[in-house]
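So the structure is just underneath, and the comments pick up after that.
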Amino acid sequence: MIKLYTLMAVALLALASCDDLFDYHPYDTDVDGEKGINAKNIVRIEQACKGRDTIRFVMMGDSHRSYDEEKALVKSVNRIAGLDFLIHGGDFSEYGVTKEFEWHRDILNGLNVPYVALIGNHDCMGDGEYAFKAIFGEENFSFVAGNVRFVCLNTNAFEYDYSNPVPNFGFIEECIMDVPAEVSKHVAVMHAPPYSEQFNNNVAKVFEYALTQLPGLQFCLHAHCHKLLQDTIFDDGIVYYGSDCVEHRNYLLFTIKPDGYEHEVVYF
Amino acid sequence: MSTKWSIFKTMAAAALLVAALPAQAGGRSRLRLTTDPDSVINERYHHRIHHLQSAWEKMIPSMVKLQYAGGMGMVSGGIGWDYGRSRQWETDFMMGFLPKFESDKAKLVLTLKENYIPWEVGLGRSDISLDPLTVSVYVTSIIADDFWTSQPERYPEGYYWFSTRFRLNLSLGQRLVFDIPENRRKLARNLTVFYEVGTNDFYLLSLWGNEYIKFKDILHLSLGLKFQIF
């Protein structure tokens, strides 16, 4: 009998070694580990890039269930010389489950450079949006890298009703009205591009008009489509670059220089 | 909002009804088959009533359970029925409380759970026994507005193939059963402490095809108490 009690105790102790012993519900938003990633990383990016007019960053997105591929991506990105930061364009998760965000966060924390996270439509499933906000941060945010400000927007209108404006023109207006002195260029980043099924296409042109009011808009970035895209969606010369999904094992590498910018696709 | 709340209310009312009806029937004095020759004509009626009463009687829950974690909320409680030759099958209906954590509100989780307990092992004492293995399959339903059974109509067909409301769970566990001596029984015949180790469909799908996710990452512990009423 003592043997059996011991066996049960050993079985329980073995379990206690698991990372997250108790699970209340997949959508419980009971976050283990680091929170508020964007805010912390933005401080790091802004400090490291201060006063510079050349910046280098990676744009990727749609990691979904591709954990192994994302690990390989981190390994590849860590080899890039002179990289400043990485942008995850949304759809971290497949189901919006708390654990998925934690797994992806832990993988991206292996990056040598800071990263920022945008919310994707899959990240809004169930209570995923709340877990995303706790772990990464607000759905609309901006940060300054050198002389470039990145305006990051939630464009997953399909996942919201009118009680939550998507895209949030109030936020874009604030960015237009309040440009920091060191900023002369802008890049707009979003998960779903205009005219995708997620976007509020009733305001697609108004959205583009608002973005072009940002001084020195260089180009726009998006994820969501699971393929490499490069389109001048609105015939106004503003190029929208779409990053592929992690499963397809490539990402976009941008270098913004004083006299323009370069971009390339890196396969890993 | 209102439809979903009313679904919950209907389910809660149904559960109460199921719990209350047989209890009431059981509490009343039973109709007896009479030997009076004059009422032979009524024997069929009495038989029918007898069958009806014993059918309803089977619906009286024979156990009450409390469980911690297990994807059913933080704490859940409910009623259960056992059946089979050696009561090796159990069906539980549980209501769980899920605190709000980082979200906007606390939620209710309803669970329908089937347990299979193939063996019982004596431990050399008459009052304690061990169930070396329990196998459980259960479905949870999270009750809140942002969760759906299948994707809302506005989405293109097959946009989201999964349900965010219902989760299918699997678990294995062990139990220790403590018999309460007859003269000290108040509300229960025995008390069982148990643990279960389990996972759900979403976690299994995340594990599938990935080396990064280890089996231990998707397994979770749950602890419980069972009061066997009769």
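Scanning region B:105-143 for residues that are assigned to a loop (DSSP other than H, G, I, E, B) and of a type in the set (Lys, Arg) returns B:LYS105, B:ARG125.
In region B:110-132, the residue that is farthest from B:ASP92 (Cα to Cα) out of those that are among the hydrophobic types (A, V, I, L, M, F, W, C) and touching a Lys or Arg at 6+ places or on another chain (Cβ under 9 Å) is B:LEU130.
Yes/no matrix, rows are residues, columns are (1) in contact (Cβ under 8 Å) with a residue 40 or more places away in the chain; (2) within 11 Å of another protein chain (Cβ to nearest Cβ):
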| residue | (1), (2) |
| --- | --- |
| A:GLU70 | yes, yes |
| A:ASP106 | yes, yes |
| A:LEU111 | no, no |
| A:ALA117 | yes, no |
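Going by the conditions given, is B:TYR155 of a type in the set (Phe, Trp, Tyr) and without any contact (Cβ under 8 Å) to a residue 24 or more places away in the chain? Answer is yes for this residue. Against the criterion of being under 26 Å from B:GLN67 (Cβ atoms), in contact with an Asp or Glu (Cβ under 6 Å, 6 or more places away or on another chain) and either within 13 Å of another protein chain (Cβ to nearest Cβ) or at pLDDT 95 or above (or both), A:ASP32 qualifies. Condition (residue is loosely packed, with under 14 Cβ neighbours inside 10 Å, among the polar types (S, T, N, Q) and more than 18 Å from the chain's Cα centre (by Cα)) applied to region B:179-190: is it met by at least one residue? Yes, there is a match, as at least one residue in region B:179-190 is loosely packed, with under 14 Cβ neighbours inside 10 Å, among the polar types (S, T, N, Q) and more than 18 Å from the chain's Cα centre (by Cα). Only one of the listed residues (B:ARG87, B:ARG48) is outside any loop (DSSP other than H, G, I, E, B), basic (Lys, Arg), more than 30 Å from A:GLY137 (Cβ to Cβ) and more than 10 Å from chain A (Cβ to nearest Cβ). That residue is B:ARG48. Residues that are within 8 Å of chain B (Cβ to nearest Cβ) and part of a loop (DSSP other than H, G, I, E, B) within region A:93-103 comprise A:GLU94, A:TYR95, A:GLY96, A:VAL97, listed in sequence order.
The values are calculated or read from the model by the stated rules, or taken from the named source; none is laboratory data. Quantities reported herein were computed from a predicted structural model and do not represent experimental measurements. Cβ sites come from the backbone with ideal geometry, for glycine too, and all protein chains shown count toward neighbours.
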